[in-house]
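What follows is a set of notes on a single structure, which appears directly below.
The values are calculated or read from the model by the stated rules, or taken from the named source; none is laboratory data. It should be emphasised that the depicted structure is a prediction, and the values quoted were computed from it without experimental measurement. Quick reminder, even Gly has a Cβ in these numbers, built from the backbone with ideal geometry, and neighbours come from all protein chains shown.
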Amino acid sequence: MTSAAFDVLGIGNAIVDVISHADDAFLIKHALNKGSMTLIDEARAEALYASMAPAVEISGGSCGNTMAGVASFGGKGAYIGKVRNDQLGAVFAHDLRATGVAFDTPLATSGPATARCLILVTPDAQRTMNTYLGACTGLGPADIDPKLVGAAQVTYVEGYLWDAPEAKKAVLKAFDAAHAAGRLVSITLSDSFCVDRYREEFRTLIRDKVDILFGNESEIKSLYQVESFEAALEATRKDAKVAALTRSEKGSVVVRDGEIHAVPAAPVARVVDTTGAGDLYAAGFLHGFTHGKSLAECARLGGIAAAEIISHVGARPERPLRELA
């Protein structure tokens, strides 16, 4: 296998995050399911945006956050995602490239506007996300360059892509290209509600194609429809080649064949906003993995990145993660 130009290639929904604080009464008033990600249409997005308190707007998207984290560790990353040639699209492209991530997906010249995610952070640091996918739905197989896929050690995707049929086809094309080049593929389950929608597809994918699986406790229990984390862990060990499962303040558990590594969470003085915690955990883990670190060290790096991101508003690191590592 030839040397890789990139450590990680991310494929995801290119989204601009709009982050605002809200209380539980606001969620109830607008019939929002606390802690979940809900897909909304453009009219709903405009109505919610009009009702939100002052917000921070920053390029995001689950996989985009992960790639920014990889770059913050000093890793080499590339990204595939679809935005429109509008103001938000230009902002997204500039922000991601400014982190050091290569982003060359052609901008859409027609169709829906660039996607945005309206994120409401409650005082308990839980985030409730409402996503208008917009231009993201235009991502398809034509956007996948097999040469780019073959140039990355790991191709990493978000489970949210399964909500768009053409994006799912793009992912499967990328996975096949990665394996043809002798590379690895990875997926994050993204959200327990996403798992509910595609449970059987995800389980088949994990058994047949995925090399590295990411998920949190609620997602992995949803995947296997069990009540306890221990039962979910046992089921995961049978299906996944490598799995990194996060448990909030309990840290994370990594499994591979007969190995099980339980790694405590990194200390954090105050939890402000949990947006992006799983995204940045994946960044730290993948950075370690692509640099030959042990699974326990990969999990430690993931925990460090997650602790940094939950200590402030927003899902992009406020200080270089390489310094914390």
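Kindly provide the set of residues from region 94-136 that are over 18 Å from GLY10 (Cβ atoms), of a type in the set (D, E, K, R) and buried (at least 18 other Cβ atoms within 10 Å of the Cβ), ordered by number. Those that are over 18 Å from GLY10 (Cβ atoms), of a type in the set (D, E, K, R) and buried (at least 18 other Cβ atoms within 10 Å of the Cβ): ARG116, ARG127.
Residues in region 306-325 that are of a type in the set (Val, Ile, Thr) and in a helix (DSSP H, G or I): ILE309 alone. Checking SER222, SER186, SER218 one by one, the residue that is surrounded by fewer than 23 Cβ atoms within 10 Å (Cβ to Cβ) and in contact with a Leu (Cβ under 9 Å, 6 or more places away or on another chain) is SER222 and no other. Exactly one residue out of GLU259, GLU200 is surrounded by fewer than 19 Cβ atoms within 10 Å (Cβ to Cβ) and within 22 Å of GLU297 (Cα to Cα): that is GLU259. The residue that is surrounded by the fewest Cβ atoms within 10 Å (Cβ to Cβ), counting only those in region 263-305 that are in contact with a His (Cβ under 9 Å, 6 or more places away or on another chain) and not in a helix (DSSP H, G or I), is SER294. Quick check, is ARG300 touching a residue at least 24 places away in the same chain (Cβ under 8 Å) and either within 23 Å of ARG97 (Cβ to Cβ) or of a type in the set (Val, Ile, Thr) (or both)? When the stated conditions are applied, ARG300 does not pass them. If a residue has to be modelled with pLDDT of 95 or more, farther than 25 Å from GLU323 by Cα and of a type in the set (D, E, K, R) to count, how many in region 55-83 make the cut? Counting residues in region 55-83 that are modelled with pLDDT of 95 or more, farther than 25 Å from GLU323 by Cα and of a type in the set (D, E, K, R) gives 1. Annotation note: Cβ proximity below 8 Å between a residue of region 10-30 that is aromatic (Phe, Trp, Tyr) and a residue that is buried (at least 18 other Cβ atoms within 10 Å of the Cβ) (sequence gap 6+ or interchain) occurs for PHE26/LEU32; PHE26/LEU120. Scanning region 204-259 for residues that are at negative phi and part of a loop (DSSP other than H, G, I, E, B) gives LYS209, VAL210, ASP211, VAL226, GLU227, SER228, ALA240, LYS241, ARG247, GLY258.
Count of region 242-256 residues, restricted to those that are surrounded by fewer than 17 Cβ atoms within 10 Å (Cβ to Cβ) and either in contact with a Gly (Cβ under 6 Å, 6 or more places away or on another chain) or over 19 Å from SER190 (Cβ atoms) (or both), is 3.
In region 135-150, the residue that is nearest to HIS179 (Cα to Cα) out of those that are in contact with a Leu (Cβ under 9 Å, 6 or more places away or on another chain) and part of a helix (DSSP H, G or I) is VAL149.
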